[in-house]
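Asker: Take this structure first; my questions come after.
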Amino acid sequence: MIHPSDEDLLELALAGDDADVRGHVTQCAECRARFDAVEREQALIASAFSDVALPDRLRDALTPRPARWPWAVVAAAALLLGTTTFFAARADHWHREAARLGLDAAALRPAPEAKRAEPEESRWKLRNVAHQVSEKRSEGQVPEFARDLGDMRAIVIDSLGSFVELTDDQRHRMDELMGRLTNRMLSSENAATLALEYHDALKEILTAEQFAEIEKWSAAEGDWARTDAIEMVIDELAAALDLRHSEGERLREALDASYPATGTYAPFLMANPSDPLLDNPRLAQAVRGEISAAYHTKFDAYLKNLAAQRTFMEKAMKERK
Amino acid sequence: MLVSQRLSVEELAREYSRRVYNFCRSVLRNEADAEDAVQEVFLTLTRRRDELAAVERMQAWIMKVALLTCHWVRRKRGRLVTTDTEPDAAADPGPPIDASEDVGRLRAVIGTLPDRYREVLTLHYQQGLTHEEISDVLGISRGAMRVLLHRAVAKLRSEVKR
């Protein structure tokens, strides 16, 4: 008799849909005992997620309590009127706040259907590397910055490789191509022009069938990259200006309306040194128009700092060369 | 009748605020951040209340809003949303954690797990969502969610046994 593994028993506890394993556990006393231990473990883990009451101030902020009767008895009609006015004002404020705020766009929409099995992993990797690149850049760490861009190339090639089968030679040639273009981008050549060159060069490396598939993949990933680029701009602004979540959500809509469509998808080129808010005055204007005037000084300082970082990094890159 | 057709945002707050608070507290591991996040969640629900009538699985939908808000808070605090799901983690989870294990220690170990693991464990064990609902909240396929949950428990087992 083959007994189920620990993995099988855990799967049964988590999903409970394996009839064979369940049948075996019912029949075999030894495995029944093992499964009982897994169930006790599951109850233990669940108990570790404690249920804590809402702090009073939070509960009061979210759910205004109704007046209690002794208070109502003691209170005169005027007080009741005052209470009514208070709640009416509160409700009015709540409604005005809701009316003032726009609806969120991308963040809560269901993700577009994936073109391939699991794009999330490479997307998350790209996003994390993009954050790292941004940090290294702001700290002026030139070698680390260049290394991170190299990591990004590797992720893109792996991601492509999980979508269409690539030979070792193709991977090698793609890496060379991307490395060459990245270096030219770092020498201040226009990233959009380089992306077109990348697109044409890929045709030489891939078969027509592979290229057609990659085109489909690029379209889906390009859409995601655009959304993600907007997200990154909002993240940075949220930290720099100390925006509320709701303000960030409004900003997302404003940026979404103004952010240019992604051209050829070449994330290893788009990552940096493009600064959307510096490069595209329309975007900066959209942000300025959306945020409240109280943030304008901070926003100007943020743009100034961004420009200084860019100048510093470009100088450091030239010195490195 | 759908739940959302008979509940206003304030009623939703009464019904779900405690669950949302516990979820945010578990994901963010910081009480002040969790309180901020909960307020943002219900402000978002207020802004989107016209959509509430179409929501079929209210708890899952609110948890999705809560998770995105937690990510937001975390990023705003300068902490990356880690997706360290350790794909090389051993497939075999090993034997279960002994039921006599101290809950306090278990809780501490859960607090050290990568964010993505803690999120899926919280949705499963604390919120009691179905696999389909968890997949929807995390924005991943059901298969990927099962793998993630399995790995999270395996990781928890290995860390507890250290």
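Asker: Going through the range A:22-59 one residue at a time, which ones are of a type in the set (D, E, K, R) and facing chain B (nearest Cβ under 9 Å)? Full working, then the answer.
Answerer: So in the range A:22-59, the residues of a type in the set (D, E, K, R) come out as A:22, A:30, A:32, A:34, A:36, A:39-41, A:51, A:56-57, A:59.
Within the range A:22-59, A:ARG34, A:GLU39, A:ARG40, A:GLU41, A:ASP51, A:ARG57, A:ARG59 qualify.
Asker: So for the range A:194-213 (the condition being surrounded by fewer than 17 Cβ atoms within 10 Å (Cβ to Cβ) and under 29 Å from A:THR311 (Cβ atoms)), does at least one residue qualify?
Answerer: The answer is yes, given that some residue of the range A:194-213 is surrounded by fewer than 17 Cβ atoms within 10 Å (Cβ to Cβ) and under 29 Å from A:THR311 (Cβ atoms).
Asker: What are the residues in the range A:177-225 that are modelled with pLDDT under 85 and either among the charged types (D, E, K, R) or outside any helix (DSSP H, G or I) (or both), if any?
Answerer: Correct list: A:ARG184, A:SER187, A:SER188, A:GLU189, A:ASN190, A:GLU213, A:GLU215, A:LYS216, A:GLU221, A:ASP223.
Asker: If you check every pair at least six apart or on different chains, which have Cβ atoms under 7 Å apart with a residue in the range B:11-31 that is more than 10 Å from chain A (Cβ to nearest Cβ) first and a residue that is hydroxyl-bearing (Ser, Thr, Tyr) second?
Answerer: B:VAL27/B:THR122
Asker: Looking at the range A:1-21, which of the residues that are touching a Pro at 6+ places or on another chain (Cβ under 9 Å) and either more than 13 Å from chain B (Cβ to nearest Cβ) or at positive phi (or both) is surrounded by the most Cβ atoms within 10 Å (Cβ to Cβ)?
Answerer: By that ranking, first place goes to A:VAL21.
Asker: Could you please find all residues in the range A:7-43 being among the acidic types (Asp, Glu) and more than 23 Å from B:THR122 (Cβ to Cβ)?
Answerer: A:ASP8, A:ASP18, A:ASP20, A:GLU30, A:ASP36
Asker: Go through the range A:171-183 residue by residue and tally those that are closer than 20 Å to A:GLU204 by Cα and without any contact (Cβ under 8 Å) to a residue 40 or more places away in the chain.
Answerer: Step one: list which residues in the range A:171-183 are closer than 20 Å to A:GLU204 by Cα, which gives A:171-182.
Applying the additional criterion that residues be without any contact (Cβ under 8 Å) to a residue 40 or more places away in the chain yields A:171-177, A:179-180.
Residues in the range A:171-183 being closer than 20 Å to A:GLU204 by Cα and without any contact (Cβ under 8 Å) to a residue 40 or more places away in the chain: 9 in total.
Asker: Report whether or not B:PRO96 is facing another protein chain (nearest Cβ under 8 Å) and more than 19 Å from B:VAL65 (Cα to Cα).
Answerer: Considered against the rule, which asks whether it is facing another protein chain (nearest Cβ under 8 Å) and more than 19 Å from B:VAL65 (Cα to Cα), B:PRO96 comes out as yes.
Asker: All but one of (1) under 43 Å from the mean Cα position of the chain (by Cα); (2) modelled with pLDDT of 80 or more; (3) among the basic types (Lys, Arg) hold for A:ARG90; state the number of the condition that does not hold.
Answerer: (2)
The values are calculated or read from the model by the stated rules, or taken from the named source; none is laboratory data. Keep in mind the model is a prediction, meaning the values are calculated, not measured. With ideal geometry, Cβ positions are generated from the backbone for all residues, glycine too; neighbour counts draw on all protein chains shown.
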